[in-house]
Amino acid sequence: MPFLKRLLKNYRFIVLILFIILGCAGVYRKPVFIEKFSLGIEDLKFAVRSGLGMSPKPDKRLVIVTVDEPSVNILGRWVWPRDVIAKMFGNLSQASIVGLDIVFSEHSDGRSDEVLADSIANSGNIILGFFFRGEATEETTEQAVDYLENCAYLNYDIQGKSVGIKEFPYAEVNIPIVAESGLTCASFSTEPDVDGLYRNYPLAYIHKGYIFPPLAVQMMRYGLDKDVDLVLNEQGVKSFKINDINIRNDSYFRLNFYDDVEYVSAYKVINGEVPASFFKDKMVIVGVTEVGIYDMRPTPIDPVTPGVSLHYVALSNLLKNEFLTTSAQYDYASVVILMLVIFSISYLRKQHYRLMLYFGSLLLTTAASYAMFIYGNQWQHEFYTMAPSVLMMMTLESFAFFTVERKAKEVKKAFASYVSPELVEEIQKDPDKLKLGGEERFITIMFSDIRGFTTLSEKLSATELTSMLNKIHDPMTKVVLHNKGMLDKYIGDAMMALFNTPLDLPDHADMAVKTALELIRTLHEINGRFTEAGLPNIDVGVGVNSGPAVCGNMGSTVRFEYTAIGDSVNLASRLEGLCKAYKTRIVVSEYTLAHCKQQYLARKLDKVRVKGKKEPVEIYEVMENTAENRELAEKFHTGLDMYFARNFEGALAVFTELETAGDPTSSVFTERCRECIEDAPSADWDGTYTMKTK
């Protein structure tokens, strides 16, 4: 049990460590079943960037000449006669370099093959294409390997005993007459990710012991007349440098796709609609885009992207040095930082604050990732940061839920007997509203007492007395709880209730006054039932006061209870005692009425200095707002004003009239007026009456 308690106490730290390990392991391993899902989520960055109109523009030197639907409709179905293709290549002779995303792997008639080869040779700028196969029925011939040798990387450094780049056993190459005529050749093979989409472009493949560049790299080499500085090791490409490009520790680079790709229909090149001068000094990629005769290459921006555009994007990325870079260090750092932020947020007590900040931290992380992508071409794998972080949040909140649930049960057990169900529910929703251990609050206190209970107890047996007391306290307690008061305690036949503690109750003074009035109504109902049962009727006195008090658990480590202490509590108790002295059922202090937001019919009773207090307090009787009571209060105030003005004869007349009419409170002042007439008060008398008893 001690170990379990320590574990629960430190659960946040344990969860933090576990999920940091989990998150970093995900970044390192990238499990296939997660990668398939994460790739699609991360691809949303392209859609957001495009929607914001912030997609980059491709290099203006690049253009794709495409065998598209209009070209097929005009010139016939692909593959066209080779003299037609030869004419197209002839019209591209002013381009700086032409890369082919097509392969001439089958013989036509001898004359046509020669025409095509001559056109390629005369152009002097054509990089032939070929592709690799994982499986095939025919081996690459020695003659083909000889041709391919001239297309391979010649200068590279191998650091290690092996080379960790992909090797293909077979290749689909051009027929010899065509292969001999080209400037060089290049592979146009690409590979999809685990979810079948094409996002990455290779830097090199191995075939028959030679290391071959892909089409985009080969076009850059020959188009810029610069060679690649290539270093290989067991992991693959350790370093790839050309021009200002420096790719390290990766055999592929991530494509930074464009919204716009410049296509020129092949038939327009062949029939001269697009003049040869248009292609002067441009880099041209020739490929097929007509549906049904090209390989569909689904990409993050389009599920039917032509394969030729992958080479276009790759070449433009390399020329502009704007391919997408990744950083494992940043991925690890983002995992750790976000989880530390979540760890810190989890200590906030209010759940809605926690959830708001959790969401904000995730949003900020996503925004940072998107900003790095849009403004810096940095591709961060935010899914591997977000997913374990969300799981960590859920775990922390689950622990918090069970902890709060356990505490809520304790709170409910502690408060259910003397707080209304609504208040218990609020405490359970937000335990932070409840501060145990003592805090000063401005509250309203109500005391009620059964009049003549001692005499009554002498007439009844213990069983009858207990039953009668329960019948009184039960309905009166319900009134308190219904008005969101807290039943502090029963003191024999007395009851103490608190308003505005342990939870905030903005209208606590009103609720206490309302409770006092309802208690008197309930008293009439109780007496009606007692009369029917042959039991004696009862009377009650209610005192209400508002002021600061210390509220919290009071007592010892062995036994304690939630209560309130302070002068305001003592005054409320004294006011309840004044009910008997002033022959009324409710006495409310000036402090309570001052904090009431509603209007009540209240007649001022006196300005009194209660026993144990030096400062006097004005006291009032709150009454039911009826025409009879309004008339009574008005006449009583007239008499009281005369009394405080030392017009005791006039006041006596008013109070005598009211006493005769049945107002017991007025009898208190008829007696006082007579005393003052017989023995006039001193000149400094301010009307304050000092109570000699509690």
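The values are calculated or read from the model by the stated rules, or taken from the named source; none is laboratory data. What you are looking at is a predicted structure, and each value in this text was computed from that prediction instead of being measured. Heads up, the Cβs are rebuilt from the backbone with ideal geometry, glycines too, and the neighbour counts pull from every protein chain shown.
Quick one: would you say V569 is touching a residue at least 24 places away in the same chain (Cβ under 8 Å), part of a helix (DSSP H, G or I) and out of contact with any His (no Cβ under 6 Å at 6 or more places or on another chain)?
It is true that V569 is touching a residue at least 24 places away in the same chain (Cβ under 8 Å), part of a helix (DSSP H, G or I) and out of contact with any His (no Cβ under 6 Å at 6 or more places or on another chain).
Do we have any residue at all in segment 320-332 that's in contact (Cβ under 8 Å) with a residue 12 or more places away in the chain and either among the acidic types (D, E) or surrounded by 23 or more Cβ atoms within 10 Å (Cβ to Cβ) (or both)?
Yes: one or more hits.
Condition (residue is over 41 Å from the mean Cα position of the chain (by Cα) and in a loop (DSSP other than H, G, I, E, B)) applied to segment 192-207: is it met by at least one residue? Write out each step before concluding.
Just the residues of segment 192-207 that are over 41 Å from the mean Cα position of the chain (by Cα), to begin with: 203-207.
Within this subset, residues satisfying the condition of being in a loop (DSSP other than H, G, I, E, B) are 203-204.
Yes, segment 192-207 contains at least one residue that is over 41 Å from the mean Cα position of the chain (by Cα) and in a loop (DSSP other than H, G, I, E, B).
Filter segment 574-589 down to residues that are in a helix (DSSP H, G or I) and not basic (K, R) and give me whichever is farthest from G547 (Cα to Cα). Spell out how you get there, then give the answer.
Applying the first criterion (in a helix (DSSP H, G or I)) to segment 574-589 yields 574-581.
Retained after the next criterion (residues that are not basic (K, R)): 575-579, 581.
Details: L575: 14, E576: 16, G577: 18, L578: 18, C579: 20, A581: 23 Å.
Among those residues, the one meeting the criterion is A581.
Go through Y222, Y201 for me and flag whichever is farther than 23 Å from F279 by Cβ and assigned by TED's automatic domain parsing to the domain that holds A314.
Result: Y201 is the single residue among Y222, Y201 that is farther than 23 Å from F279 by Cβ and assigned by TED's automatic domain parsing to the domain that holds A314.
Being assigned to a loop (DSSP other than H, G, I, E, B), touching a Ser or Thr at 6+ places or on another chain (Cβ under 7 Å) and surrounded by fewer than 22 Cβ atoms within 10 Å (Cβ to Cβ) is the filter here, so list the residues in segment 159-191 that pass it.
Filtering segment 159-191 down to residues assigned to a loop (DSSP other than H, G, I, E, B) leaves 160-166, 168-169, 173-175, 180-183, 188-191.
From what's left, touching a Ser or Thr at 6+ places or on another chain (Cβ under 7 Å): 165, 173-175.
Selection gives I165, I175.
For the condition surrounded by 19 or more Cβ atoms within 10 Å (Cβ to Cβ), over 30 Å from H381 (Cα atoms) and among the basic types (K, R), what is the one hit in R77, R82?
Within the list R77, R82, the selection yields R82.
Quickly run through segment 590-606 and pick out the residues that are part of a strand (DSSP E or B) and in contact with a Phe, Trp or Tyr (Cβ under 7 Å, 6 or more places away or on another chain). Walk me through it before giving the result.
Keep residues of segment 590-606 that are part of a strand (DSSP E or B), which gives 601-606.
Hits for segment 590-606 are A602, R603, K604, L605, D606.
Out of all the residues in segment 635-661, which are surrounded by fewer than 17 Cβ atoms within 10 Å (Cβ to Cβ) and either closer than 13 Å to R603 by Cβ or of a type in the set (F, W, Y) (or both)? Quick ask: steps written out before the conclusion?
So in segment 635-661, the residues surrounded by fewer than 17 Cβ atoms within 10 Å (Cβ to Cβ) come out as 637-638, 641, 644-647, 649-650, 653, 657, 660-661.
Within segment 635-661, H637, T638, D641, F644 qualify.
Could you pull out the residue among A533, A509 that is among the small types (G, A, S) and within 41 Å of the chain's Cα centre (by Cα)?
A509
Among the residues of segment 237-255, are any surrounded by fewer than 20 Cβ atoms within 10 Å (Cβ to Cβ) and over 30 Å from S162 (Cα atoms)?
For segment 237-255, residues surrounded by fewer than 20 Cβ atoms within 10 Å (Cβ to Cβ) and over 30 Å from S162 (Cα atoms): absent.
Quick check on my filter: what residues within segment 337-390 are of a type in the set (S, T, Y) and outside any helix (DSSP H, G or I)?
Initial filter on segment 337-390 (of a type in the set (S, T, Y)): 344, 346-347, 353, 358, 361, 365-366, 369-370, 375, 384-385, 389.
Once the filter is applied, which keeps residues that are of a type in the set (S, T, Y) and outside any helix (DSSP H, G or I), segment 337-390 yields S346, Y347.
Taking the stated definitions as given, is V261 buried (at least 17 other Cβ atoms within 10 Å of the Cβ) and modelled with pLDDT under 95?
Against the criterion (buried (at least 17 other Cβ atoms within 10 Å of the Cβ) and modelled with pLDDT under 95), V261 qualifies.
Condition check: among the polar types (S, T, N, Q), in a loop (DSSP other than H, G, I, E, B), under 55 Å from the mean Cα position of the chain (by Cα) and farther than 19 Å from E624 by Cα. Does T501 satisfy that?
Considered against the rule, which asks whether it is among the polar types (S, T, N, Q), in a loop (DSSP other than H, G, I, E, B), under 55 Å from the mean Cα position of the chain (by Cα) and farther than 19 Å from E624 by Cα, T501 comes out as yes.
Would you check if there is a residue in segment 264-273 being under 49 Å from the mean Cα position of the chain (by Cα) and in the same structural domain as T190 (by TED's automatic domain parsing)?
Yes, the conditions are met somewhere in segment 264-273.
Working carefully through the options K435, K471, K459, K412, find the one that is surrounded by fewer than 17 Cβ atoms within 10 Å (Cβ to Cβ), assigned by TED's automatic domain parsing to the domain that holds M495, at pLDDT below 85 and among the basic types (K, R). Working first, answer last.
Working: K435 fails: assigned by TED's automatic domain parsing to the domain that holds M495; K471 fails: at pLDDT below 85; K412 fails: assigned by TED's automatic domain parsing to the domain that holds M495.
Every option except K459 fails the conditions.
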